[in-house]
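The values are calculated or read from the model by the stated rules, or taken from the named source; none is laboratory data. Here the structure is a predicted model, which is why all the values come from computation and not from measurement. Using ideal geometry, Cβ is built from the backbone for each residue, glycine included, and neighbour counts are taken over all protein chains shown.
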Amino acid sequence: MCFGKAEPAPEYSFGTRQQRKLFPLFHPPNSFGNKFLPLRGSPHTGPGCYMPEDRYGLAYNLSIIPTSLRGYSLGARTAVRFKPIIKEKIPYSVMFQRVSPEEEKHRQSFAPFNVMVPRFRSYSKDVCCPGPGTYSPEKKPHPKIAWPMKFGSPDWAQVPCLQKRTLKAELSTDKDFRKHRNRVAYLSLYYD
């Protein structure tokens, strides 16, 4: 009479919200339950369930001391006491993957093995990519202003200029004269 019938465990159907006896909180009556004891205490404690930092604790008081980034000065601590941990931003495995690659719709090629693809690529005939056929050698370049030169330096006797003054400072009239002279030289390329 010491060994009575054990009560049958309630059989819950799959997918119900009934309470089940799972390992971290309960343990089975076998060697697994004897070797790995379940958790004791409140099951609701965990990450984010603890008290915030103590306002009267040592770590909190040391973290709010006003500091600067200039280093030590006359025995006063002016640098950061606890340096922040540097976390390198390393790309993870799915960083460049799209969110749902199944939504991509690929157009099927009407020819097998892409045999209709052109054999040679067509290159852009742009000014930034010079090469054969991108420019005409007979085309004249734009005319440029050329002062009468003499071994690399202009012949200042033929270039119109103002009379020299004793005052070395440049006046606004000198600047306007220089602008007008350069404008006339530029327009003389296209108009007579």
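Within region 182-192, being surrounded by 10 or more Cβ atoms within 10 Å (Cβ to Cβ), touching a residue at least 24 places away in the same chain (Cβ under 8 Å) and either of a type outside the set (A, V, I, L, M) or touching a helix residue (DSSP H, G or I) at 6+ places or on another chain (Cβ under 9 Å) (or both) holds for ASN182, TYR186.
Hey, could you check region 127-170 for residues that are more than 21 Å from LEU187 (Cα to Cα) and modelled with pLDDT under 65 and say which is surrounded by the most Cβ atoms within 10 Å (Cβ to Cβ)? Among residues in region 127-170 that are more than 21 Å from LEU187 (Cα to Cα) and modelled with pLDDT under 65, the one surrounded by the most Cβ atoms within 10 Å (Cβ to Cβ) is LYS150.
If only residues of region 171-181 that are surrounded by 12 or more Cβ atoms within 10 Å (Cβ to Cβ) and modelled with pLDDT under 90 are counted, the one that is farthest from HIS142 (Cα to Cα) is ASP174.
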